[in-house]
1. Measure off 7 Å from each Cα along the Cα-to-Cβ vector at Leu21 and Asn2, then give the distance between these two points in nanometres to one decimal.
2. With unit charges on the beta carbons (Lys and Arg positive, Asp and Glu negative) and the dipole taken about the Cα centre of the chain, which residue among Ile185, Ser208, Gly44 sits farthest to the positive side?
3. Which three lengths, in whole Å and largest first, does the stretch 174-229 cover when its Cα atoms are put on their principal axes?
4. Mind checking the angle between helix 115-126 and the chain's longest principal axis? C-alpha axes, 0 to 90 degrees, to the nearest 10.
5. Any idea what Rg and Dmax come out to for the stretch 155-196 if you just take the C-alpha atoms, in Å?
6. I need the per residue convex hull volume for the chain, using only the alpha carbons, in cubic angstrom as a whole number.
7. Just to compare against my own numbers: the Cα pair-distance distribution for the stretch 76-180, 5 Å bins, whole % per bin, please.
8. Note down the Stokes-Einstein diffusion coefficient of the stretch 93-151 in µm²/s, whole number, using a Kirkwood radius over alpha carbon pairs, 25 °C, and 0.890 mPa s.
Amino acid sequence: MNEVIWKLQREAQRIASKHPLPEFYSRFKAPLAAAKKIFYKHPGAVRLRGMAAPDYKEALGHGIFHCTRVSIDCAALILIETDGDRMKPVALQRLMVIGIYSGILHDICRDEQNHGECGAEKAKTILPAFSLSKNEIACISNAIRNHEAFAPSAVAGSQWAQLVSDCLYDADKFRWGADIFMHMIWHMMDYQALSPQELIEKFPWGMSGTVRIIETFRTPTSRQFGPEIIENGMEIGKEIYRYLLQHYRES
Ligand SMILES: [Fe+2]
Ligand SMILES: [Fe+2]
């Protein structure tokens, strides 16, 4: 990452730090902590992360950092959405593990044209090395296939598979909030070797796509708390855009 991009990222992180955390991250601290614990301690999750890491490049901003955030939010959403379902703790933990596996693998084919479909097929070749049933592997594969924005989504074979699929989608789209401007955009800028002026040109188009994602959330929790996550990102984005115009607009 060159000096200019590095400085822009630091500035973006400074701007973002002035904005309050969206309510999802304060209200659901306990489910998020439970999800984090599984993500970092569950032997299968640790092993899968190690296996997947070499396939991930930070290049397009969809590397291990992104997958970590998606995995944790996905498992937290599963826990929140099943609150009141009286699931046995073991079954619930299993579902959260499946959510985390989906999150770890969901962008494994990020560089491919149809990366959801490709990732779904690749997951089927990786997951038999883990102690998962055929249905569980199908559930993860289906969730990965369904995670792309503004694309049709197949109905899952069971209520639980549908929940994992919907939670993975929403957790991935939460990244269209502050994460874009704190992390992803700078890696993309670096990868595409964009100048600040070229970034300025692309900015309004990118922002208009971001706002459309609000209408696509799939779980009740995300429909309630997701818009704030995206709007928070938009506010940060607007400030960064102003900063770019101030410092880099060609005269
Ligand atoms: Fe993706
Ligand atoms: Fe993703």
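1. About 3.6 nm, to one decimal.
2. Gly44
3. The principal-axis extents, from largest down, are 40, 18, 14 Å.
4. The helix 115-126 is inclined about 40 degrees to the chain.
5. Rg, Dmax (Cα atoms, Å): 15.5, 47.
6. Working: hull volume 30.7 nm³, N = 251.
Value for the chain: 122 Å³ per residue.
7. Calculated over all Cα pairs of the stretch 76-180, the distribution is 2, 13, 25, 25, 19, 10, 5, 1, 0 percent.
8. 218
FYI, it's all coordinate maths here, none of it is from the lab. Remember, predicted model here, so these are calculated numbers, not experimental data. Methodologically, a virtual Cβ is constructed for each residue, glycine included, from the backbone with ideal geometry; neighbour enumeration extends over all protein chains shown.
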